[in-house]
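Take a look at the structure below.
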Amino acid sequence: MYDTIIIGAGMSGLAAGIRLAHFDRRVCILERHTTIGGLNSFYRLNGRDYDVGLHAVTNYMPKGTRRGPLAKLLRQLRFRWEDFSLAPQIGSTIAFPGVQLQLGNGLELLESEIDKHFPSQKDNFQQLLTQIADYDELEQQPFEASARQVVSSTISDPLLVEMLLCPLMWYGNARESDMDFGQFCIMFRSIFMEGFSRPFAGVRLILKNLVRRFRELGGELKLSRGVDRIVHDKKHVNGVVLDNGEQLPGKHILSSAGWFETLRMCGDVVSSSTRGPGKLSFTESIAILDKQPRQLGHDRTIVFFNDSDKFRWEQPKTMCDLRTGVICSPNNYWYEDVSGKQQQLSEGVIRITALANFDAWQNLPEEQYRLEKLRWHERTVTSAVRFMPDFRRHIIDTDMFTPKTIHRFTWHDNGAVYGAPNKHLDGTTPWKNLYVCGTDQGYVGIIGSILSGISIANRYCLQTT
């Protein structure tokens, strides 16, 4: 009998497992895939390692900072700052027609950019900061308020509203067209008030340390062990049945599989959610270059671009929507070795993300699927070079992953990167000892996902024996 069975070896599941194992709970993490990480995983192709989802680790704070999400998770999991080895961004940009806002880690640069490009909004932006500071993220009702309405009631310039929403929706919003105000506040703090970072070795370093710590504490990790169903009576869950028919009993079950996916394992296809499963999925085109991007004149860590004054955040009717996107260069972080000497990745990398239609990609025959990847990779790169130096003649290798890839790594309905639009902030389900963590609790990104697992483990699984 396990004290807790955790479904999914992503960031939230691994973090919950570590937290519980620290207190001598018998914990088993089950993962349907052959590898760990979920959305934030990695793969190897043609001798190169590729991250699946990592553009940046948000919520960055420098070493020695005692407050904020990053400091909290390090304390809770008993890691050192060096275990994540995060390098801060060089600088990022929100690019709309005729206006660009530069971002750094912390609010100072963004505030000066707003003063410069939107001088009439200086006081309004300060009022918005007060609203964000006053927001209580544990309250469901204000969480679900319309971010567009709340922000537009304070910021009177429609273009600035769109520019503020663009990166926050791209990095953490499951709701089409609008955004929950609670999610807006969470993402505003993590991106604008704190900022971007990345380990030199990519997501592998974080995953490696999480798994190592979990196993050192006696936790069990079972890969290629998908859960077919969750065993329960009307009030309680009792364990799981795996795809291979094996039965595992557990006192608590913690699922990072997603709200709808978890209910389906319970045989319940009806939910109180009115919005249904998420629809927003992505393609990502990756180009390996023979030069560092900075040698080509591109020194931006991330560029959030949109080619009109109106930012549209919705599932495309065609295979991809190239009107908006994200350009990321993993080269453009301030990597340093232990002596403080600057490091750089051995090859240049450009990653370009676009909104995509899951059904359009999922239903393609294999041969046509490969052909469409080539076509849309070229179109995506062509769209991106409107907002950065043209790097196409320096490409030496490429890859592209699609909503089909995301579904394979996460098993989320529709390949939805940020899960379902309705979030369940307290993590509870219709069964007393079954809880959800991760994306559908309302936490996104690497730091958010880790904190989600910690918070649910602390709140429920450590409160009873």
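Scanning segment 357-364 turns up no residue that is surrounded by fewer than 19 Cβ atoms within 10 Å (Cβ to Cβ), modelled with pLDDT of 95 or more and closer than 14 Å to Ala287 by Cα. Just one of the listed residues (Gly182, Gly219) is within 30 Å of Tyr2 (Cβ to Cβ) and in contact (Cβ under 8 Å) with a residue 12 or more places away in the chain, namely Gly219. When segment 375-384 is filtered for residues that are closer than 16 Å to Ile288 by Cβ and free of Cβ contacts under 8 Å to residues at least 12 places away in the same chain, only Glu378 remains.
For (1) crowded, with 17+ Cβ neighbours inside 10 Å; (2) outside any helix (DSSP H, G or I), each residue gets a yes or a no:
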{"residue": "Asp3", "(1), (2)": "yes, yes"}
{"residue": "Gly17", "(1), (2)": "yes, no"}
{"residue": "Tyr50", "(1), (2)": "yes, yes"}
{"residue": "Pro62", "(1), (2)": "no, yes"}
{"residue": "Arg67", "(1), (2)": "no, yes"}
{"residue": "Leu70", "(1), (2)": "yes, no"}
{"residue": "Pro88", "(1), (2)": "yes, yes"}
{"residue": "Thr93", "(1), (2)": "yes, yes"}
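So which of Phe79, Phe42 is aromatic (Phe, Trp, Tyr), in contact with a helix residue (DSSP H, G or I) (Cβ under 6 Å, 6 or more places away or on another chain) and outside the structural domain of Gly106 (by TED's automatic domain parsing)? If you could, list the steps in order and put the result at the bottom.
Values: Phe79 fails: in contact with a helix residue (DSSP H, G or I) (Cβ under 6 Å, 6 or more places away or on another chain).
Step by step, each of Phe79, Phe42 is checked, and only Phe42 is aromatic (Phe, Trp, Tyr), in contact with a helix residue (DSSP H, G or I) (Cβ under 6 Å, 6 or more places away or on another chain) and outside the structural domain of Gly106 (by TED's automatic domain parsing).
In segment 318-334, the residues that are in contact (Cβ under 8 Å) with a residue 12 or more places away in the chain never reach a residue that is in a strand (DSSP E or B) and acidic (Asp, Glu) with C-beta atoms less than 7 angstrom apart, at least six apart or across chains.
Scanning segment 296-316 for any residue that is without any contact (Cβ under 8 Å) to a residue 60 or more places away in the chain and charged (D, E, K, R) turns up nothing. Given the structure, is Phe79 modelled with pLDDT of 95 or more, out of contact with any Asp or Glu (no Cβ under 6 Å at 6 or more places or on another chain) and in a loop (DSSP other than H, G, I, E, B)? So Phe79 passes the test.
If the condition is being surrounded by fewer than 23 Cβ atoms within 10 Å (Cβ to Cβ), closer than 15 Å to Lys423 by Cβ and of a type in the set (A, V, I, L, M, F, W, C), then segment 136-167 contributes Leu138, Phe143, Ala145.
In segment 37-57, the residue that is farthest from Leu210 (Cα to Cα) out of those that are more than 15 Å from the chain's Cα centre (by Cα) and not charged (D, E, K, R) is Asn46.
Does segment 327-340 contain any residue that is among the small types (Gly, Ala, Ser), surrounded by 22 or more Cβ atoms within 10 Å (Cβ to Cβ) and part of a strand (DSSP E or B)? Within segment 327-340, none of the residues are among the small types (Gly, Ala, Ser), surrounded by 22 or more Cβ atoms within 10 Å (Cβ to Cβ) and part of a strand (DSSP E or B).
Quick one: how many residues across segment 101-116 are surrounded by fewer than 17 Cβ atoms within 10 Å (Cβ to Cβ), touching a residue at least 12 places away in the same chain (Cβ under 8 Å) and not charged (D, E, K, R)? The total comes to 1.
Considering each residue of segment 184-218, count those that are under 15 Å from Pro69 (Cβ atoms), of a type outside the set (A, V, I, L, M, F, W, C) and assigned to a helix (DSSP H, G or I), and give that number. First the steps, then the outcome.
Narrowing segment 184-218 to residues under 15 Å from Pro69 (Cβ atoms): 185-197, 206.
So of that shortlist, the ones also of a type outside the set (A, V, I, L, M, F, W, C) come out as 189-190, 194-195, 197.
Filter again for assigned to a helix (DSSP H, G or I), leaving 189-190, 194.
So the answer is 3.
Filtering segment 386-418 to residues that are closer than 17 Å to Gln292 by Cβ and part of a loop (DSSP other than H, G, I, E, B) leaves Met388, Pro389, Asp390, Phe391.
Here Ser197 meets the list (1) surrounded by fewer than 16 Cβ atoms within 10 Å (Cβ to Cβ); (2) hydroxyl-bearing (Ser, Thr, Tyr); (3) touching a strand residue (DSSP E or B) at 6+ places or on another chain (Cβ under 6 Å) almost entirely, failing just condition (1).
The values are calculated or read from the model by the stated rules, or taken from the named source; none is laboratory data. Every value quoted in this text rests on a predicted model; they were computed, and no experiment measured them. Positions of Cβ are backbone-derived with ideal geometry, glycine not excepted, and every protein chain shown enters the neighbour counts.
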